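The values are calculated or read from the model by the stated rules, or taken from the named source; none is laboratory data. Not measured: the values here are computed from a predicted model. Positions of Cβ are generated from backbone atoms using ideal geometry, with glycine treated the same way; all protein chains shown enter the neighbour counts. In case anyone asks, the SASA skips ligands and DNA or RNA and just uses the protein heavy atoms, side chains included. Shrake-Rupley method; radii C 1.70, N 1.55, O 1.52, S 1.80 Å.
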Amino acid sequence: MTVDALTDVTGLRVGHATRAGDGWLTGTTVVLAPEGGAVAAVDVRGGGPGTKETDALDPRNVVGTVDAVVLTGGSAYGLDAASGVMAWLEERGRGVPVGTDPAHVVPVVPAACVFDLGRGGDFRARPDAATGRAAVEAAAATPAGARVPEGCVGAGTGAAAGRLKGGVGTASTVLASGITVAALVVANAAGSVMDPETGVLYGELFQGRVDYPAAHVHEAARRRLDGYASRNAPPPLNTTLAVVATDADLSRAQAQKLAGTAHDGIARAVRPVHLLHDGDTVFALATRARPLDAHPLALNAVLAAGADLVTRAIVRAVRAAEPVDGPGGAWPSYGELYGG
C-alpha cells in the first residue's frame, strides 16, 4: 500500500523537528537513506543558495552515495543542523570509511536551507545541531512506509510561498514499469504560487480540470491578502527545496539529470522562479532496488514523473499550510482564503 509520499520509495524515512512559539517559527527536515546509502545528485538554480556538501555530489567527484539529506530553516545559520545528523550517523558507523577502524567514518550529509529568519519574532531563533539530531532521530523512529506530516512542520514551519503561508508537501507515483518515483518539497518561494487574477494555484493547472473560485470569494481573498502584506517585510531571500527519489537503479549521471528536470516542476507551480534572491535546490536520490530498462524511454518516464511530482508536492504544501499571525509577520493560508 502506498501513502503518496517520499516514504513510498522503500528504505527512505523522513523526520521533522519543529520549533514554534516564544519567538520560534522554524525547523528541520531530514531524509534518511537506507543502510549503505543512496546514489545522490543535486541541481542548484536559485541565485542565492545556502548549501552544504553539494559539490561532493558532482558525478565527476569521489562521493558515490549519501547517508541523509537535510532541509532546514534558519538560512545559512541553519546548515549547522547537518552537524547533528552527521554525529548521529557517526555513532552508528554509517559513512565513508576513512581508516582501518570501522568506527572511522565520515557521513555524507548534503544540506540546503530556506530563509525564515525572524518570522517567529526572534531573529536568533534558528535550527542548530540539536535540531538536526532531533529530526534524524524522528526519521529513524518512523516505521517503513509511514505517512509524512505536511504543512507547517520541519523545514516548512516558517515557510512563506509568495504572500501565502508555505510548508512541506510530498507526493509519489508508481510507473507502469513498477518503479516508484516520489518527491518532497519545502515551498518557500519569493515568486507566487497563485494566479493573482483568478486565485487558482498555478500547480493545479497541470493536474487536470480546475474549479475556479467564485469572483466574490477571490475579491475578498485579495483584500485580506493586501491587509496581511502590509504587515510583512518583503521576502528578500526565499527558496524552494525538493528531494526527488526513486527506487530505480540510476547512475550518478542519471540522478543528476533527474535533479535537473525536476526543476521544471517548480517552474510550473511558482512564478517567477529561480530568481536572484531564490536558492532553489533539488536533490535526487536513487536507492537502486529496481533495474532500469536500458531503453531511453524508461529513464524519460522517471524524469517526467519527477517534475510532475514536484509540482504536485508544492500544491500539497500550500494546501496543507496553516495561517500564521504573530510578532514576526502574518501569512494567511490558501485554505483560509479559498476553502478546500
Matching residues, the stretch 110-127, being open to solvent by 10 Å² or more (accessible area, probe 1.4 Å) and among the charged types (D, E, K, R): Arg119, Asp122, Arg124, Arg126
Test set (1) touching a His at 6+ places or on another chain (Cβ under 8 Å); (2) assigned to a loop (DSSP other than H, G, I, E, B); (3) open to solvent by 10 Å² or more (accessible area, probe 1.4 Å); (4) of a type outside the set (D, E, K, R) - Gly199 fails condition number: (3)
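Take the conditions open to solvent by less than 20 Å² (accessible area, probe 1.4 Å), out of contact with any strand residue (DSSP E or B) (no Cβ under 7 Å at 6 or more places or on another chain), closer than 27 Å to Val9 by Cβ and not hydroxyl-bearing (Ser, Thr, Tyr) and apply them to Pro107. Does it pass?
Working: open to solvent by less than 20 Å² (accessible area, probe 1.4 Å): yes; out of contact with any strand residue (DSSP E or B) (no Cβ under 7 Å at 6 or more places or on another chain): yes; closer than 27 Å to Val9 by Cβ: yes; not hydroxyl-bearing (Ser, Thr, Tyr): yes.
Against the criterion (open to solvent by less than 20 Å² (accessible area, probe 1.4 Å), out of contact with any strand residue (DSSP E or B) (no Cβ under 7 Å at 6 or more places or on another chain), closer than 27 Å to Val9 by Cβ and not hydroxyl-bearing (Ser, Thr, Tyr)), Pro107 qualifies.
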Set Val3, Val96, Val14, Val44: member being β-branched (Val, Ile, Thr), out of contact with any His (no Cβ under 8 Å at 6 or more places or on another chain) and more than 24 Å from Val310 (Cβ to Cβ): Val96
Pick from the stretch 90-105, criterion in a loop (DSSP other than H, G, I, E, B) and β-branched (Val, Ile, Thr), ranking: nearest to the chain's Cα centre (by Cα): Val98
Given (1) in contact with a helix residue (DSSP H, G or I) (Cβ under 7 Å, 6 or more places away or on another chain); (2) closer than 29 Å to Ala111 by Cβ; (3) outside any loop (DSSP other than H, G, I, E, B); (4) not charged (D, E, K, R), number of the condition Ala140 does not satisfy: (1)
Among residues of the stretch 29-53, those that are in a loop (DSSP other than H, G, I, E, B), touching a residue at least 40 places away in the same chain (Cβ under 8 Å) and open to solvent by 20 Å² or more (accessible area, probe 1.4 Å), counted: 7
Sole exception among (1) open to solvent by 40 Å² or more (accessible area, probe 1.4 Å); (2) assigned to a strand (DSSP E or B); (3) β-branched (Val, Ile, Thr) for Val217, by number: (2)
From the options Ala87, Ala76, Ala56, residue that is in a helix (DSSP H, G or I), in contact with a Lys or Arg (Cβ under 8 Å, 6 or more places away or on another chain) and surrounded by fewer than 24 Cβ atoms within 10 Å (Cβ to Cβ): Ala87
